[in-house]
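See structure below.
None of the figures in this text is laboratory data; all of them are computed from the coordinates on show. Since this is a predicted model, take the numbers as computed values, not measurements. Ideal geometry is used to build each Cβ from the backbone, glycine not excepted, and the neighbour counts take in all protein chains shown.
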Amino acid sequence: MGLSQTTPHGTTTTTFEPSNQESWVATRLDFLVNWSRSKSLWPMPFGTACCAIEFMATAATRFDLARFGMERMSFSPRQADVLICAGRVPFKLAPVLRRIWQQMPQPKWCISMGACASTGGMFDNYAVVQGIDTIIPVDVYVPGCPPRPEGLLYGIMMLQEKVMREKMSDNVIRNEMEPDPKSGLYIPPSRIDELSEPFGNSVQQTRSGL
Amino acid sequence: MTIPFSPVLPGSASPGAAPPATPRNLPQKGGEPNPSAAAIAAKFPALFVRSEVIWGDTNVYVHPHGVTEVVRWLHDDPAERYDYLSDVTAVEFRDFEQPLEVVWHLRSLPYRRFLRLKASLDKREPLVVDSVWPIYKGADWLERECYDMFGITFTGHPDLRRILMWETYREGYPLRKDFPLRGRFSRAEQLRQALSITTEGRYSMEELSVAQAFEDLPEDMRRRLAGGERTGE
């Protein structure tokens, strides 16, 4: 939806002019729904570590998350639209995060904030989940350790842009991802192992005892 | 009229009294030992192993089977009065021959003394030591953590189960030297096991209603529980 234009500088911009739309009534309704959804996201803060401090700074006066329609923090997943996972998630918290995600009603989105939530970060050890995308689907990853509030705001604006591109006719994205009933995982175990492989300097740190 | 400023420093008995001396330039070994070390050696010659002074703190090594006796005496004796247990932990060394040490940090608030009590456990034998829970109730979670991380069984502990890792954790004891940093199972298997935990397995409101805490609950919560209402979610 919308018309992508490439400027002479090489950047692509998308405009939402009425004349650019495909089918007038449906797309106008899409635009209205997406506009209202993206401008009134209610975040569910799932803060477990220092990223949550930056998240609080984002919500406070200087950066003022309320400018983006996220005035109301939803501390109940049942009234939330976007789960912001800020901080490392230990394995003991994995079923809790999964349960919270399942309790959120559709439409829902997820922002993985910071290196630990996205990849496990520096905690490549026995206790920490190597990326929450192995538990729940993630829409936007915000890099940083921890990300500055500007970084989180940029991630939120990216999510708003993603919401603006949704179509009611294409509801695949709204399908609830059902995990495999036997293993509880929704991506294959081999993929998880591949994603969790140590990388960089971390490869040298398998201190397996005596 | 100005009121003279007289701060009450921590540890000083009254305003204006000299503050307690801060230890400086401590030698790594040697120095003035805690008088309790000599008292233990005199009182329990069969249980006392040795004592040393490291960075100004006194370590006393005792036989593991006599820990409860020594700690109870330290707690009860009017000349010792170790009324505060700050920590129970353990140390494992990379040298496999070297025994695993269980450490109790004891503090005597009336006499301002600090004593580090240690017991060496041979790693080739079952790691069992007596619990000090009957003496210090605060040892409950400390010993559970020590059991969780090192696999040391504290006999006499009322509720010895894992505290940091979940109760069905099967990979072993993470702070042992033979434990790989990333755990024993693959990431997918770890995640699968973690996701199969029932988070409300032990701490649900229904359990609370069975426990003795029922009478202490607020009136409305008791009424709801008595009516069989599910409050877990």
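Which residue, of A:Gly144, A:Gly131, is on the phi > 0 side of the Ramachandran plot and either within 14 Å of chain B (Cβ to nearest Cβ) or within 11 Å of the chain's Cα centre (by Cα) (or both)?
Of the residues listed, the single one that is on the phi > 0 side of the Ramachandran plot and either within 14 Å of chain B (Cβ to nearest Cβ) or within 11 Å of the chain's Cα centre (by Cα) (or both) is A:Gly131.
It is to be established whether one or more residues within the stretch B:113-132 are touching a Gly at 6+ places or on another chain (Cβ under 9 Å), in a loop (DSSP other than H, G, I, E, B), surrounded by fewer than 20 Cβ atoms within 10 Å (Cβ to Cβ) and not acidic (Asp, Glu).
So far as the stretch B:113-132 goes, no, none of its residues is touching a Gly at 6+ places or on another chain (Cβ under 9 Å), in a loop (DSSP other than H, G, I, E, B), surrounded by fewer than 20 Cβ atoms within 10 Å (Cβ to Cβ) and not acidic (Asp, Glu).
Among the residues of the stretch B:39-86, write down those that are within 23 Å of B:Pro99 (Cα to Cα), part of a loop (DSSP other than H, G, I, E, B) and small (Gly, Ala, Ser).
Residue satisfying the conditions is B:Ala46 alone.
Give the residue that is farthest from the chain's Cα centre (by Cα), with candidates limited to residues of the stretch A:177-186 that are surrounded by 12 or more Cβ atoms within 10 Å (Cβ to Cβ) and more than 9 Å from chain B (Cβ to nearest Cβ).
Among residues in the stretch A:177-186 that are surrounded by 12 or more Cβ atoms within 10 Å (Cβ to Cβ) and more than 9 Å from chain B (Cβ to nearest Cβ), the one farthest from the chain's Cα centre (by Cα) is A:Asp180.
Please verify whether A:Glu54 is away from chain B (no Cβ under 14 Å), under 18 Å from A:Pro149 (Cα atoms) and either in a loop (DSSP other than H, G, I, E, B) or touching a strand residue (DSSP E or B) at 6+ places or on another chain (Cβ under 7 Å) (or both), treating the condition exactly as stated.
So A:Glu54 fails the test.
Could you tell me whether the stretch A:139-146 includes any residue that is closer than 21 Å to A:Gly87 by Cα and part of a helix (DSSP H, G or I)?
No - not one qualifying residue is present in the stretch A:139-146.
May I ask you to list the residues in the stretch A:57-84 that are within 14 Å of another protein chain (Cβ to nearest Cβ) and either closer than 12 Å to A:Ile156 by Cβ or surrounded by 22 or more Cβ atoms within 10 Å (Cβ to Cβ) (or both)?
Hits for the stretch A:57-84: nothing passes.
For residues in the stretch B:140-163 being surrounded by 16 or more Cβ atoms within 10 Å (Cβ to Cβ) and among the hydrophobic types (A, V, I, L, M, F, W, C), which is farthest from B:Asp122 (Cα to Cα)?
Among those residues, the one meeting the criterion is B:Ile163.
Are any residues in the stretch A:85-102 among the β-branched types (Val, Ile, Thr) and at the interface with chain B (Cβ under 7 Å from one of its Cβ atoms), and if so, which ones?
Listed by number, the list holds a single entry, A:Val96.
Run B:Tyr173 past the list (1) under 12 Å from the mean Cα position of the chain (by Cα); (2) outside any helix (DSSP H, G or I) and report the number of the one that doesn't hold.
Unmet for B:Tyr173, out of (1) under 12 Å from the mean Cα position of the chain (by Cα); (2) outside any helix (DSSP H, G or I): (1).
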